[in-house]
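No value in this document is a laboratory result; all are computed from the given coordinates. No experiment lies behind these values; they were computed from the predicted model shown. We place every Cβ from the backbone using ideal geometry, glycine too, and count neighbours over all the protein chains shown.
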Amino acid sequence: MLDQLLQLVRDNAQETVVANPAIPNEQNEAVISEASGTIATGLQDALASGNLREVMSLFNAGGEVDNSNPVVNNISGNLIGKLQEKFNLNGGNASAIAGSLIPAVLGSLVRKTNDPGDNSFSLDGIFSSLTGGSTQGLNLNGILGKFAGGLDKDGDGDVDMEDFKNLISNGARQQQGGGGLGGLLGGLFGK
């Protein structure tokens, strides 16, 4: 998933990053890599924090990203901070880049995920990657039909969205602590 996400950022970064005079050409690829890593870790952090509803609402938006979604705001805010810190961009330039690039990339990700003719991304693959495989074998697009036996993660005697949220959150937290996506990002982006 990380390679595809990096390519998706590249596809959306021409005007925002590559043609941006505030970013020296020799830093273009580093900024694109930083944006890719920020998106991946932002989605994983949201899942690890139990914000499944907000992440899922991104994928139900039909490709139109709601900038008021807390996940979008967090990812954009994190990218702004990294652009200022690592690339010495002023706040205005960093905000303009994040404000344009993050919604564009997330919108493309959602459209590709929801397009039955495009298999470059799938909701199952994205969640599996972000949670260390804790969702492997679940059809997330039809999750309600898959809630059967063994998913009562909170021990309350029933299987519900809270159990599913706990399954996702626990998998994402384990990925964060055990190298998982962070280790992959480090290797891929040279952190």
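Quick notes on this one:
- For Ala46, net neighbour charge (Lys/Arg +1, Asp/Glu -1) across residues whose Cβ lies under 11 Å away: -1
- Label-point separation in nm, Arg111 to Asp66, each point 7 Å along Cα→Cβ: 2.0
- Per-residue 3J(HN,Hα) values for the stretch 107-118, derived from phi via the Karplus relation 6.51 cos²θ - 1.76 cosθ + 1.60 with θ = phi - 60°, read x, 5, 4, 5, 4, 5, 5, 8, 8, x, x, 10 Hz in sequence order (x marks Gly and Pro).
- Net lengthening on full extension, Glu26/Asn166 (0.36 nm per residue, minus Cα-Cα): 46.1 nm
- Each peptide in 100-110, 18-28, 81-91 receives the mean, over its residues, of other Cβ atoms within 10 Å, and ordering these scores from highest gives 100-110, 81-91, 18-28.
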